[in-house]
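The next block holds one structure in the form of structure tokens; read it before the comments.
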Amino acid sequence: MNTKRMQPLAIALVMALSLLPTKAWGYYDLQGSGTEASPYLISSAQALESLAKQVNDGALKTEGVYFRQTADIDLTGVKWEPIGYSGGTCFSGNYDGDGHIIANAYSKGKADIDTEGNYSSTAGIFGWVLFGSVQNLHVKA
């Protein structure tokens, strides 16, 4: 194969893949725009799991971003990983539970080793919140 001919094809493929919606990468599309007036709406276990995955993968930076839970969420049967588990993947947004419940969360926690070899472990719905807030949320076993 001629590598000079393959290079434009490879570039075109990368460009095409970058245009795919986040759902194609395994993320759930969150409703809302993430502003204080139009926060991202979290109404299901699927949406909450997607939030955790996007934050933990580094795909969603949450600094200054707003979220509002719009229904009680039951995590029965979900292998839960906390939202944010290190300084590099922390939750820095504003999460308003709006008085709703997250129930039956089960987690073994999430471990991390930083670049200096320091070990940390987190557990809970939110594992690491830095410069963010979580309010009006009830957690039930």
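The values are calculated or read from the model by the stated rules, or taken from the named source; none is laboratory data. Here the structure is a predicted model, which is why all the values come from computation and not from measurement. Ideal geometry is used to build each Cβ from the backbone, glycine not excepted, and the neighbour counts take in all protein chains shown. Areas reflect the complete protein model, heavy atoms only, side chains present, ligands, DNA and RNA absent. Shrake-Rupley method; radii C 1.70, N 1.55, O 1.52, S 1.80 Å.
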Residues of region 52-71 that turn out to be assigned to a loop (DSSP other than H, G, I, E, B) and surrounded by 19 or more Cβ atoms within 10 Å (Cβ to Cβ), as a count
3
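Quickly run through region 72-99 and pick out the residues that are farther than 19 Å from Val129 by Cα and either out of contact with any strand residue (DSSP E or B) (no Cβ under 7 Å at 6 or more places or on another chain) or open to solvent by 40 Å² or more (accessible area, probe 1.4 Å) (or both).
Asp72, Asp74, Thr76, Gly77, Val78, Lys79, Gly99
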Subset of region 124-141, residues within 11 Å of Ala105 (Cα to Cα) and among the β-branched types (Val, Ile, Thr), comes to Ile125, Val139
Pair list, Cβ < 8 Å and 6+ apart or interchain, from region 51-80 residues that are touching a residue at least 40 places away in the same chain (Cβ under 8 Å) and over 15 Å from Ser33 (Cα atoms) to residues that are hydrophobic (A, V, I, L, M, F, W, C) and open to solvent by less than 20 Å² (accessible area, probe 1.4 Å):
Asn56/Ile83; Trp80/Ala52; Trp80/Ile125
Is it true that some residue in region 17-37 is among the acidic types (Asp, Glu) and either in a helix (DSSP H, G or I) or modelled with pLDDT of 95 or more (or both)?
yes
Can Phe131 be described as closer than 19 Å to Pro39 by Cα, under 14 Å from the mean Cα position of the chain (by Cα), at pLDDT 90 or above and not β-branched (Val, Ile, Thr)?
no
